[in-house]
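Working notes, structure below.
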Amino acid sequence: MLNIPSLLLTFLFGGALRAPVQQPGFDELSIRTIQFPSYHIENLPFAVIEGLQISPALPRPLSSDSLNAARAAFANITSLTGTSISDEAIEELQGRYERRLWGAGYKDITGFDAHARPLGKLSAAPDYPTPDASKHPELKPMLAKVNASEMKEYVSHLSTAYATRYYLNANASAPAFWIQSQFVSWLGIEQVKLANNSDFDQPNVIGRIEAKSGDVNAPIIIFGGHLDSTSQTPYVKAPGADDDASGVAVMMTIMRILKDSNFQAETYAIEGHAYAGEEGGLLGSQTLARSYKDAGKEIRGMLQFEMVGWQPDTPTNLGKSSTISVLSDPDITMSTHMRKVVAAYVPTAENRNPECGRSCSDHYSFHDEGYPVVCIASYGPNDSNLNPGYHTTNDTVDKLNFERSADFVKAGLAWVVEVAA
Ligand SMILES: [Zn+2]
């Protein structure tokens, strides 16, 4: 039997199916258009999506009985909205948080024409030079500025100053404004932009360093992380220290060090991005990636940081300074290059290479627009070493190892300098 937590039951069935404090367009009965990893597209009420994800996981493989039970739990909503729930939706979404799979398990393409673009087309990875630390003495003083306490400060703020950073919570824009204020203090106000999302109140944040050439249309080197968080109680408490305050902290630290070092790429602009609504199906990054494509912007490369702070001792990282996983998909050429960057600049790290899975994080939004992307993390999806607090209220700052995760700042700085050459 499907056992829905009582809080959820209250909000699903407590009287008139009233939404908690939410933005317009995301009430419980609103219909979202969802693209699953198989590219299957389905219209589902929002309450079904959230409810399935939060439910305790049913035993796998699912049986016809368990599929029926999952459907029955939402019969109220599906009959009201005239929708039905496919087997694939239940397979992907049901018990998602407890199963510790990465991301939402889908891409929310509501309002986008899914067929207007060749989704999933493999990008042409640029022909980067072979990573070689001896060719980049300019990196030495930058790497010397990397320190664990800076990252810890950012993660502490993001995971404690806001009870939750869930993209639909009433205060969802506050962490974005804080990241914006940090960027402004380093980069100047004219180099910082907010990119609003039309149907929820959490903007993407963009900090930018122009190309030395002064060309405002120069191809862009992008690195990012997602600023939103989630948990079993997303509207109430979701610290998201590892997922993904840690990735945002790496991004911010790199931007600060680049600026502090007066680093500019000759012919490329550099942007640090904090993405909104990743846990809602790559919402913020999808809007941003599409707007870049529509504006004809060129991207030299895009690097995503996902959950870098959980760094336990394992049998394979004994004596290593950290564990860095370079996700192997969606672009093997980009992943191979990134592994060489890690090997050349952070040779003390355990260098892993697991698979991420379609739509696992924001880099897939850029990939789907044909841009070259790569993602690094401490552990990949469904890994036995993945943070046990993942997508729970236990994803807190005290559990993270900042000495080890500072290696991600080094790898990210090295990647920027390498692809800028
Ligand atoms: Zn994440």
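Worth pointing out:
- Extension gain from Asn43 to Asn76, taking 0.36 nm per residue of separation minus the Cα-Cα distance: 10.3 nm
- Near-label residues of segment 23-60 by backbone N, under 16 Å of a point 7 Å along Cα→Cβ of Ala170: 23-24
- Highest average packing first - 413-419, 312-318, 388-394, Cβ atoms within 10 Å: 413-419, 388-394, 312-318
- Whether segment 133-420 is rounded, prolate or oblate, judged on the alpha carbon gyration tensor where a/c under 1.5 counts as rounded: rounded
- Measuring nothing but protein heavy atoms, the accessible surface of segment 133-420 at 1.4 Å probe radius is 50 percent carbon and sulfur.
- Backbone N atoms of segment 238-256 closer than 18 Å to the 7 Å Cα→Cβ label point of Asn394 belong to residues 238-244.
- Entries of Lys140/Lys212; Lys193/Lys410; Lys212/Lys399; Lys297/Lys410; Lys193/Lys340; Lys320/Lys399 with Cα pairs more than 30 Å apart: Lys212/Lys399; Lys193/Lys340
- Spin-label pair Glu403/Asn353, simplified geometry with 7 Å Cα→Cβ offset, distance in nm: 3.0
- Most simply put, the chain has about 50% antiparallel DSSP beta bridges, counting only bridges with both residues inside it.
- Measuring only protein heavy atoms, the 1.4 Å probe finds Leu67 accessible over about 20 Å².
- About its Cα centre, the dipole of the chain is roughly 440 debye, where the only charges are +1 on Lys and Arg Cβ and -1 on Asp and Glu Cβ.
- For Glu88 and Val236, a Förster radius of 25 Å and the Cβ-Cβ distance give a FRET efficiency of 0.25, rounded to the nearest 0.05.
- Which of Ser361, Leu139, His157, positive extreme of dipole for the chain (C-beta unit charges): Leu139
- Surface per residue (accessible, 1.4 Å probe) for the chain, Å²: 36
- Taking a ≥ b ≥ c as the square roots of the eigenvalues of the Cα gyration tensor, an a/c ratio of 1.5 or more together with a/b no larger than b/c marks segment 29-117 as oblate.
- Unpaired by the 4.7 Å Cβ criterion, cysteines found in the chain: Cys375
- Only DSSP H runs of four or more residues enter the estimate; each adds -39500 (n - 2.57), and after division by the residues of the chain the mean residue ellipticity at 222 nm equals -10000 deg cm²/dmol.
- Cα centroid of segment 337-351 to Cα centroid of segment 227-243, whole Å: 30
- Based on Cα contacts under 8 Å between residues 6+ apart, the chain shows a relative contact order of 20 percent.
- Cα gyration tensor, segment 229-332 - rounded (a/c under 1.5), prolate or oblate: oblate
The values are calculated or read from the model by the stated rules, or taken from the named source; none is laboratory data. All values derive from a computational prediction rather than experimental measurement. Every residue, glycine among them, receives a Cβ derived from its backbone with ideal geometry; neighbour counts consider all protein chains shown. What goes into the accessible areas is simple: the full protein's heavy atoms, side chains included, and nothing from ligands, DNA or RNA. Shrake-Rupley method; radii C 1.70, N 1.55, O 1.52, S 1.80 Å.
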